[in-house]
Amino acid sequence: MRSIWNGAISFGLVSIPIKLVNATESRSVSFRQIHTEDGGRVRYKKVCELDGEEVPQAEIGKAYEDADGTMIPITEEDLASLPLPTAKTIEIVAFVPAGDIDPLQMDAAYYLSANGVPAAKPYTLLREALKRSEKVAVAKYALRGRERLGMLRVVDDVIAMHGLLWPDEIRAPEGVAPENPVSVRDAELDLADALMATLGEVDMSTLHDDYRTAVEEMIAAKAEGGEGVAPPATGEESGGGQVIDLMAALENSVRAAKQARGEAEREGEAVEVTPLKSRTRTPKSTDAKKTAKKTAKKTAAPARKSMAKTPTKSEAKSTTKSTAKSTAKKTTAKKVTPRKRTA
């Protein structure tokens, strides 16, 4: 691997000559800009504003633009002669637990390689000291015209350095969190825990860029005269911002994750979930309920009328008794013979 910077690690009074090597590389597919009318390449030319001529890379330098528009030329020698100890040195300023470093500060990653045989001994000393202390080193260094912050840690048998953003370069997360208060139930948290446990851990080395693979396949198909690759068959498109049944979604996610891991649920091992009552009703179910209510009312009306006309047993008995009494009175009245008045 080609080094991009040569310098030294300042570890107290110990100086360790090192070479800085990029620890990462971009594997993304790069594209060229073309003229869509004829397919010709579109290139950028660096042109001088004064004479209008294209300027070769060897004649391009740096300058600082003042507030009034004046250009102040700055050379590499000017930057190298700055009275800073970090101009050619990675200066360790502290050793802290790795947990003290905010992941938001993480930037580019580099490997530090011992530069020469004499550097092997102090390099190994610093590496083993970092291992035993279980800490990381915070350092300052200068690269590409600016002073930067870095974190040194051990990766296998190599000292790696992560570039760090300065604390004032991290934005505060204002206005990012949900504004309205939201409550989460224990049952929902339990299902979220179950989903996390089901997904489990992953071997990071097995992860790969599916998008890049799809782009490469599409390019290969087009190069052979095809029309590219067919889009994957998907189910119904899920609309953004759609209100969902969170409990049902979590339960389905747990089930799908278990199936994907080849852990089909046996009887009795299903996650018990308290079903949520649906807050929305479909038009069909509403119409059905209204129709059922109307039918029930129509059926109940004649029944009430018939119930009103048909007397109960007690009512029938009392009616029979009263009828018998009145009949008896009439009969008695007819049989009584009036007395003759005597003169």
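Overview of values
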item	result
Of the criteria (1) more than 15 Å from Ala160 (Cβ to Cβ); (2) open to solvent by less than 80 Å² (accessible area, probe 1.4 Å); (3) in contact (Cβ under 8 Å) with a residue 40 or more places away in the chain; (4) assigned to a helix (DSSP H, G or I), which one Lys140 fails	(4)
Candidate set: region 187-219, residues that are loosely packed, with under 10 Cβ neighbours inside 10 Å and either among the aliphatic types (A, V, I, L, M) or under 14 Å from Glu251 (Cα atoms) (or both); chosen: the one modelled with the lowest pLDDT	Val202
Subset of region 23-72 [open to solvent by 90 Å² or more (accessible area, probe 1.4 Å), touching a residue at least 40 places away in the same chain (Cβ under 8 Å) and part of a loop (DSSP other than H, G, I, E, B)]	Thr24, Arg27
Tyr110 vs. criteria open to solvent by less than 60 Å² (accessible area, probe 1.4 Å), within 30 Å of Ile170 (Cβ to Cβ) and aromatic (Phe, Trp, Tyr)	yes
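The values are calculated or read from the model by the stated rules, or taken from the named source; none is laboratory data. Please read all numbers here as calculations on a predicted model, not as lab measurements. Heads up, the Cβs are rebuilt from the backbone with ideal geometry, glycines too, and the neighbour counts pull from every protein chain shown. Heads up: the accessible areas ignore ligands, DNA and RNA and are worked out on the full protein's heavy atoms, side chains in. Shrake-Rupley method; radii C 1.70, N 1.55, O 1.52, S 1.80 Å.
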